[in-house]
Amino acid sequence: MATVIAIDLSVSMLRDIKIKDTKESFTLLQLATHGVNVLLDYLAVHSRLEFVAVVTFSSTCDVLCSFTRDYDLIKAKITQLEFRTNTCYPPVIQTINYLVHSEWSNSVTCQVIMITDGNCYEGLRKPDMTPFLFPGKLIVVPLDQVSSLYKNNYDSNKLPNGLGHIMSPELPLTPSSVAKVFEKISKEAYVPYSAVLRCGHLKSDIHLIPPPYSYTKAADFEITTCCISNELSIIGFLESSRVECPATLSRHLVLPQRVSDECVENNEASSKTPSFCVLLHGALKVENMTALCQLSSNWYGLLVSWADNKKKSNLMLITLEPGTNAIPWLGDIQNLTLSPTELSKTELEESQPVKTSDKRSYNQSQLVWIKEAGLQADIQKILRQARKMPDKIPSFYKELNRIRKAAIAYSFNDLLTSIADLLDLECNNLPGGTHPDCALQLTHAAIELRKPYAMDPKLSIGPMITKYTHHDLM
């Protein structure tokens, strides 16, 4: 679903390559552009859902085009590239990590194709090379007439730390040899995963996009590897409210397989045959239900109707963690059965997880910052109480300690320094008629937040004893 193309713009890519028995010559960058066009043409036909981004690098790395499905736009931009300085590989990895994280998060599988000179055999094996923060592999295409000289110094084209591998075009370098290596990459990396979706006697041939990968889980005494089967069996249906949002490994679009163009008559007959995949998608969307399917032995997933906007929706497969207790509030998946008819309607409509009879307290001592608005509201509460001192000195320090301890628990250490800076700024902006104790307490709190012992959650910051009023220590 996501691909990043990294193009080397160092001076070495300016080298001319003369084609034997002809008067034509091409620079390495022109050959790289030709290879990228071959890849984009393949994606436009066989994998139109693929998002592609392009970065260029030399001593630094820049984003030429962010993730898009407009392949013509990418082709237009890579024709306007300019040469820079020498090649440096670590900034490329850092830029790609940031680009993928900002656009998709680190849980999305991403393919990275790097086009560079022959120095990659040595440069990508240096100790300062860090792996990607997201699941995916790096495919390096070296364009250099003497790449075999570097290659002979190493036993394998595999890169260290599982970074990826090097795939060299055949020598001598020509546009056709570069096109062949990119066609090989396209056919190996962008093959859709084919499977059969089955529910009783109904079945449908489907594609999973992006292709699922095997999952490896390390336990105390064993390492378990799970692979998705070619046949996905639906074992039951659940209300979406009962499933809620369990922990997931990956998400895949479920699309009906296209009919091959070998026989026109068979195509016409197949186009008139109802698709179970389409039927299932419509039923789940209308009834607000979720289908529970078995991916392989002791591994389950969920089929849901997912919508990215109000008009368009798709059938999506959500892979759960391997095991029969992947949804804890439902219990063991193998023990799920049809609801008995003798149960009352109230019991059938009871939502999961089951409510307990314990009376819960609404006094929330812990702070939870899921969004920026929650953190901003808590800090603004401190500043409001600070302006009302000395009357609100106990409340001010109580809320300050609550936020400080929450920041320590979340390892949000920079928040303490930021709050101290805000208190200093508030102290400098106090109106002329403000009580003197207010400025003293703000300065005292800012100083205390910057001290090393402020990181100790067992200690509390207390108010400063002044000559104006007396307040009990907290």
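The values are calculated or read from the model by the stated rules, or taken from the named source; none is laboratory data. In this text the structure is predicted, and so the values were computed from the model without any measurement. FYI the Cβ positions are ideal-geometry reconstructions off the backbone, even for glycines, and counts take in every protein chain you see. Accessible surface areas use protein heavy atoms only, side chains included; no ligands, DNA or RNA. Shrake-Rupley method; radii C 1.70, N 1.55, O 1.52, S 1.80 Å.
Numbers for the structure displayed
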item: Selection within the stretch 443-458 - open to solvent by less than 70 Å² (accessible area, probe 1.4 Å) and either at pLDDT 85 or above or outside any helix (DSSP H, G or I) (or both); result: T443, H444, A445, A446, E448, L449, D456, P457
item: Pick from the stretch 305-329, criterion open to solvent by 30 Å² or more (accessible area, probe 1.4 Å), farther than 23 Å from T225 by Cβ and not polar (S, T, N, Q), ranking: modelled with the lowest pLDDT; result: K310
item: Which numbered condition T224 fails, given (1) closer than 24 Å to E321 by Cβ; (2) of a type in the set (S, T, N, Q); (3) modelled with pLDDT of 85 or more; result: (3)
item: Pair list, Cβ under 7 Å, 6 or more apart: the stretch 233-257 residue touching a residue at least 40 places away in the same chain (Cβ under 8 Å), other residue aromatic (F, W, Y) and surrounded by 14 or more Cβ atoms within 10 Å (Cβ to Cβ); result: L249/Y215
item: Among the residues listed as I461, I465, the single one being assigned to a loop (DSSP other than H, G, I, E, B), farther than 17 Å from Q376 by Cα and in contact with a Lys or Arg (Cβ under 8 Å, 6 or more places away or on another chain); result: I461
item: Residue, nearest to K203 (Cα to Cα), within the stretch 238-249, restricted to residues that are part of a strand (DSSP E or B) and over 21 Å from the mean Cα position of the chain (by Cα); result: L238
item: Per-region count, the stretch 11-25, residues hydroxyl-bearing (S, T, Y) and either under 15 Å from L64 (Cβ atoms) or at pLDDT below 80 (or both); result: 1
item: Positions within the stretch 201-215 being over 18 Å from L255 (Cβ atoms) and open to solvent by less than 80 Å² (accessible area, probe 1.4 Å), in sequence order; result: S214, Y215
item: Residues of the stretch 109-131 satisfying the condition of being assigned to a loop (DSSP other than H, G, I, E, B), modelled with pLDDT under 80 and open to solvent by 20 Å² or more (accessible area, probe 1.4 Å); result: N119, R125, K126, P127, D128, T130, P131
item: Unmet criterion (only one of (1) surrounded by 13 or more Cβ atoms within 10 Å (Cβ to Cβ); (2) at pLDDT below 55; (3) hydrophobic (A, V, I, L, M, F, W, C)) for L348; result: (1)
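This table checks each residue for (1) open to solvent by 90 Å² or more (accessible area, probe 1.4 Å); (2) part of a helix (DSSP H, G or I); (3) aromatic (F, W, Y); (4) modelled with pLDDT of 85 or more.
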| position | (1), (2), (3), (4) |
| --- | --- |
| K217 | yes, no, no, no |
| S229 | no, no, no, yes |
| S233 | no, no, no, yes |
| G236 | no, no, no, yes |
| V254 | no, no, no, yes |
| D261 | yes, no, no, no |
| C277 | no, yes, no, yes |
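Conditions tested, residue by residue: (1) polar (S, T, N, Q); (2) farther than 16 Å from I5 by Cβ.
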| position | (1), (2) |
| --- | --- |
| L31 | no, no |
| G35 | no, no |
| S47 | yes, no |
| V63 | no, no |
| T79 | yes, no |
| C88 | no, yes |
| I93 | no, no |
| N106 | yes, yes |
| M114 | no, no |
